[in-house]
Every structure is written in structure tokens, then in C-alpha cells.
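Some notes on the structure that comes next.
The values are calculated or read from the model by the stated rules, or taken from the named source; none is laboratory data. Keep in mind that this is a model prediction, so the values were computed, not measured. Note that we place each Cβ from the backbone using ideal geometry, even for glycine, and neighbour counts take in every protein chain shown.
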Amino acid sequence: MEFERGTKGTSARALRHWHWRVRPASMAPYSTDATGVEIMLKGLRGKVAIVTGAARGIGSATVRALADEGAAVVATDVLDDEGDALARDLCAEGANVRYAHLDVSSEEQWRAVVDRTVAELGHVDVLVNNAGIGTMEDVEQETRAGWDRLIAINQTGVWLGMKAVIPGMKANGGGSIVNLSSIFGAVGGFGSSIAYHASKGAVRLMTKNAAIRYAKEGVRVNSVHPGFIDTPMLAAVKGTPFEQTMVDGTPMGRLGRPDEIAGVIAFLASDAASYMTGSEVYVDGGWTAQ
């Protein structure tokens, strides 16, 4: 069984598939509070962000959250129709969002996306490494091909993303990188998903390593560790006993929502988190507190 979020395959068209959808400069970002009053948001005004795995789930919620905070967002994925529709819909609401094809396991495609972003928008201030896949296989069941594919996307893709944006962030005086790990990057879970655990554990420590290396150069690197979130990645287990096991094992007694993760990502991306680097933030309904 395999679940996916935002990456698969490599195509020559990747370097050509770039749809720019621009919010008019006169349209400021806004949000609405519980009373229906529009509130101007400035946390990421003037910032440029790249989000991977952006077409669905946590990725699409993150694109919306960053755009609501005033960022210009380059949403990337391999699900081109869905990614393009997301950019189109958000721009119709007044956001400043573009879509670009990106297979995160391709260094060439990373260079192309970052170069184009800098050419069109001037700089990259925020990177959200969200793209990933997950498998259920345990130590004996996993195959070499399955292992290599998952590591290429979940682990190598995060490294390639950081490698692509950090030189520019250093030159511009800093930036913020948010890497999506998991509760399964810190604990053994159910004894399955060996490759997924390995990759997310690696993301956790890669984050800390990069945070130490670039702290004095103004580049902050933090990781977010979601629990069980109601996204397409869990579609295969919806309505099954396994879903109930996840809910029952979560102290809050429910699955999380993508926007509950996206809000934390937006905070870490902003200057409100200016003294945070190397941190691991768990958004899991209390699962890892047990």
C-alpha cells in the first residue's frame, strides 16, 4: 500500500511547465476574524516562498496560509492540473500565487525553479519542504526499489531544496526553511513503514544540522512534525479500523486538519519566530506526549 503527497516521476516538460498567476499590486492580502471583520495581515508581506507538494493537503493549506500573510508563493508539485487549479483559485481570491512543476528528487528541476523564482520575483525568503510519500511496508516487506524511491523524495528532496535556496538566502541576509518531518521521525510508531520512519528521522536531524551551520548567516531551519492529519495521504485508510486506531491513540480524539499544520508553518516562516532555529514542533493532538 502506498500513499503520496506531491511528487512522482521526472519529465522533460518540468523545466517548461510554469504558470504565473499574479495578484495586482493594489490588492492587499486579508483575513477575516470570527465577527466577519477583515484584518490586514503583514507577517510575510514582501516575502517570497516556495512550497513543495503544494497541490493537496498540508501543501495546499500552506500555500493559502502564506499567501494570506502577504507572501508571494510559488506552489510546486508534480500534480500539474491540481497545482495549476490551486494557483488559479487563490489568485481569483486576491492572492499572489504561481504554480511550477517540480519533482523534488531532481537537482536540475530544483535549480530551474529557484532560478526562475529569483529572475521573476527577485529572491527566495521562505522554503517549505513538504513533498513526500509514505509506504506501509515493514523491514522484511520493503523492497530496495521502494526504499530508494521514498528516500529520494522524502530525504534527498529536502536536502536538494535546502541546497538550492541557501546560497541566495545567505546573500540576502537570511531566510526561513521549514522541513516537514512527522511524529514518525521521532518514535517507532506501529512497527511498519520502515522507509518512511527512516526518511522522517533523517529530516529531523538534517534540520538541526543545517540550523547550526547557518545560524550566524541568518538562515533559520526548523521542522514540523504532524500527527495523523485528514489529507488525501490517508485516503486509503479512511473508514477502516486503522483510522479508528489512529483516532483512539490521539489524546484529542480526532484527526488533525491541514490548516492546523499550515498555521504553524506560517508562524515559523515569519519573523515572529526570529529566535527559533533547529526546533522541532509537534502538531499531533498530544500523540507524542504519551
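Here are some notes:
- Whenever a residue of region 257-277 is touching a residue at least 24 places away in the same chain (Cβ under 8 Å) and within 12 Å of residue 229 (Cβ to Cβ), its partners that are in a helix (DSSP H, G or I) and hydrophobic (A, V, I, L, M, F, W, C), lying with C-beta atoms within less than 6 angstrom and at least six residues away or across chains, give the pairs 258/58; 258/61; 259/61; 261/58; 262/61; 262/65.
- For first residues located in region 58-70 and free of Cβ contacts under 8 Å to residues at least 60 places away in the same chain, partners that are surrounded by fewer than 24 Cβ atoms within 10 Å (Cβ to Cβ) and basic (Lys, Arg) and lie 6+ apart or on another chain with Cβ distances below 7 Å form the pairs 70/42; 70/45.
- Of residues in region 247-262 being small (Gly, Ala, Ser) and under 14 Å from residue 284 (Cβ atoms), the one surrounded by the most Cβ atoms within 10 Å (Cβ to Cβ): 256
- Residue count for region 62-88, restricted to those that are of a type in the set (Gly, Ala, Ser), surrounded by fewer than 24 Cβ atoms within 10 Å (Cβ to Cβ) and within 25 Å of residue 228 (Cβ to Cβ): 0
Residue by residue, here is whether (1) surrounded by fewer than 20 Cβ atoms within 10 Å (Cβ to Cβ); (2) within 26 Å of residue 264 (Cα to Cα); (3) in contact with a Gly (Cβ under 8 Å, 6 or more places away or on another chain) holds:
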residue	(1), (2), (3)
90	no, yes, no
107	yes, no, no
117	no, yes, no
138	yes, no, yes
143	yes, no, no
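- Flag if residue 193 is among the polar types (S, T, N, Q) and on the phi > 0 side of the Ramachandran plot: yes
Let's see how each residue does on (1) under 18 Å from the mean Cα position of the chain (by Cα); (2) acidic (Asp, Glu):
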residue	(1), (2)
77	yes, yes
83	yes, no
90	yes, no
93	no, yes
99	yes, no
102	yes, no
107	yes, yes
113	yes, no
118	no, no
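- Within region 171-194, tally of residues that are closer than 21 Å to residue 149 by Cα, in a helix (DSSP H, G or I) and not β-branched (Val, Ile, Thr): 2
- Put simply, of 197, 225 the only residue that is touching a helix residue (DSSP H, G or I) at 6+ places or on another chain (Cβ under 7 Å) and in a helix (DSSP H, G or I) is 197.
- Each residue in region 69-124 was checked for being assigned to a strand (DSSP E or B) and either among the β-branched types (Val, Ile, Thr) or touching a His at 6+ places or on another chain (Cβ under 9 Å) (or both), and 9 pass.
- The residues on offer are 217, 280, and the sole one that is at pLDDT 95 or above, loosely packed, with under 15 Cβ neighbours inside 10 Å, closer than 30 Å to residue 171 by Cβ and of a type outside the set (Val, Ile, Thr) is 217.
- Some residue of region 27-41 being within 21 Å of residue 220 (Cβ to Cβ), in a loop (DSSP other than H, G, I, E, B), in contact with a strand residue (DSSP E or B) (Cβ under 6 Å, 6 or more places away or on another chain) and modelled with pLDDT of 50 or more: no
- On the stretch given as region 179-233, residues that are touching a residue at least 60 places away in the same chain (Cβ under 8 Å), of a type in the set (Val, Ile, Thr) and over 19 Å from residue 134 (Cα atoms) total 2.
- Qualifying residues in region 174-192 (those that are under 18 Å from residue 209 (Cβ atoms) and among the aliphatic types (A, V, I, L, M)) - the one surrounded by the fewest Cβ atoms within 10 Å (Cβ to Cβ): 186
- Condition met for residue 156 (part of a helix (DSSP H, G or I), farther than 30 Å from residue 248 by Cα and in contact with a strand residue (DSSP E or B) (Cβ under 6 Å, 6 or more places away or on another chain)): no
- When residue 55 is tested against (1) of a type in the set (A, V, I, L, M, F, W, C); (2) part of a strand (DSSP E or B); (3) over 17 Å from residue 117 (Cβ atoms), exactly one condition is not met: (2).
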